[in-house]
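Quick notes on the structure that follows.
Read the figures in this text as sums done on the coordinates, not as results from a lab. Bear in mind that the values here come from a model prediction, so they are computed numbers and not experimental data. No Cβ is skipped: glycine too gets one built from the backbone with ideal geometry, and neighbour counts run over all protein chains shown.
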Amino acid sequence: MKNHLGLVSTVAGVCVIAAAVAVAQQQLRVPDTSPGVEHAEALSFTFRNVAKTVLPAVVSIETRSKAVQINQPGGRSPFEDEFFKRFFGDNKIPEEMFRQRQMPQQRGSGSGFIIDSSGIILTNAHVVEGAERVVVKMEDGRELTATDWEADSRSDVAIVRVDAGEPLPSMALGNSDDMEIGDWVLALGNPFDIGTTVTSGIISAKQRNTGINERESYLQTDAAINPGNSGGPLVNLRGEVVGINTAISTRSGGYDGVGFAIPINNARWVADQLIADGSVKRAYLGVRLQEMNPRLRDQFGVPNGHGTLVADVVEGAPASAAGMEPGDVILNFAGQDVRNSTHLQGIVEQLTVGETYPMTVLRQGSETTLNVTVEEMPGDFTAAMRRSAQPDNEPEGSPAFNELGLEIASLGSPEAEKFSVDSSVQGVLITSVEPGSPAAQARLRAGDVIERVGDIAVTTLEEYEAAAAEQSLAQGIVLLVRRGDGSLFVVVGAE
């Protein structure tokens, strides 16, 4: 009986093995000669080859900031003052009971890449700004303390120098202007400080402006970028750097598929100056620019993708000296057709300070040429151009709204005192906006000053009414409005 059972068991085992072999023989497999496999493996090989080539020049950056002394009398917190009053009453608390206190050293991390074998590294300004000590970690395990670093906060570009005592592997810089939407890219860096990482994606968009930095024209990519990737390279399939990974748009705090990189062509111009001089010199015009929505473009007769609107001209700036006026649409500068305000900024800032350049503007429907001698941008120019806080106090009483849905008063009226309008401003004051009116739909607000109606400057209620009478609400009325310390054009009506 035992032998019989054993025999059955053995036979069963053989059957199981035979069945497994049969299943294995029936498993599906894509032929090695399939075109799809060959193409995919070719792309995989390219990714592998690019990563292997450039990784030695990708670095992790660790920063340490200074310890900060807590700026409180006696080095105490308000809580401690209250606590010890219970024991000392209102008598003076002995200062010797307290030690000098400091916030501990802060550490940060980011990424970078070597662009010169002498030890010059390119990264983001926000990675190294405020650092007391910068340590560069190489892919081969070496740690090098930076000898110095320079940063340009306007563009968020920085360079870091290290002395390795020998030539270091460096990366080739490509041409970011050649990148097109859909092109494959790899993002490299040290996300979450876990170590150098490679992710893949495509160029999702170009010339993105997010409001993160003063100078922007980002490449957008869906290659995974996370905290710690800042300063790392975005490379094309030739292993050339086309961007500096800089920022992400996220709701979770991590990768959501929308990352931004500074185009290397923009970063290279900044880096060259930082390397040579330790600072960046920019030419400037001295104008406030306004992007034109379809309604403004229709009113000014400018097609989409062309020109940028001058909302205000800074007194004493190069634009003012050249005779530029609010309402001019800049079409061409220094021989280059202007697409938008960001494009114009990029053209102007890289021009030679002190040189004169021709500029074509559209003024009241006619093109005219102005000659502008550009000057170096003052260090405080950006801060001076920021708009002041807006007044939100509405006057009391029942307003009398006009056809646009506005209540208007002269700047010399008692109502104007409530809005703290600068005495140098000329125009008429909006004291109230009727909800749901054409003015409200145009987002006008109390405290705005109307400086111009169409092409006519207005300084009194009579001038405003006369100018407004010549305009058609059905066709749209263009108003030049001062808000805070800036100006903008607004189209009212013509829905």
So for the pair ASP193, THR147, with labels modelled 7 Å out along Cα→Cβ, what separation do we get in nm?
2.8
In whole Hz, with x marking every Gly and Pro, tabulate ³J(HN,Hα) for segment 346-362 from phi via Karplus 6.51 cos²θ - 1.76 cosθ + 1.60, θ = phi - 60°.
x, 5, 5, 5, 9, 6, 7, 4, x, 8, 9, 10, x, 9, 9, 10, 9
Fully extended contour minus Cα-Cα distance, from GLU465 to SER320, at 0.36 nm per residue:
49.3 nm
Here segment 274-281 yields Karplus 3J(HN,Hα) values (6.51, -1.76, 1.60; θ = phi - 60°; whole Hz; Gly and Pro given as x) of 4, 5, 7, 10, x, 8, 10, 9
Which GluC sites (Glu not before Pro) in segment 213-320 sit in a loop by DSSP (not H, G, I, E or B) and have at most 16 other Cβ atoms within 10 Å of their own Cβ?
GLU214, GLU291, GLU315
List the residues whose amide H sits under 5 Å from the amide H of LEU404, counting only those 5 or more places along or on another chain, with H placed 1.01 Å from N in the peptide plane.
none
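Sort segment 176-277 into rounded, prolate or oblate with this rule: let a ≥ b ≥ c be the square roots of the eigenvalues of the Cα gyration tensor; rounded if a/c is under 1.5, and if a/c is not under 1.5, prolate when a/b is larger than b/c, oblate otherwise.
On the way: a/c = 1.32, a/b = 1.26, b/c = 1.05.
It comes out rounded by the Cα gyration axes.
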Taking amide H positions as placed 1.01 Å from N in the peptide plane, with prolines and chain starts having none, which residues 5 or more places from ARG452, or on another chain, fall under 5 Å of its amide H?
VAL458, LEU480
For GLY119, enumerate residues with amide H under 5 Å from its amide H, sequence gap 5+ or separate chain, H modeled in the peptide plane.
LEU168
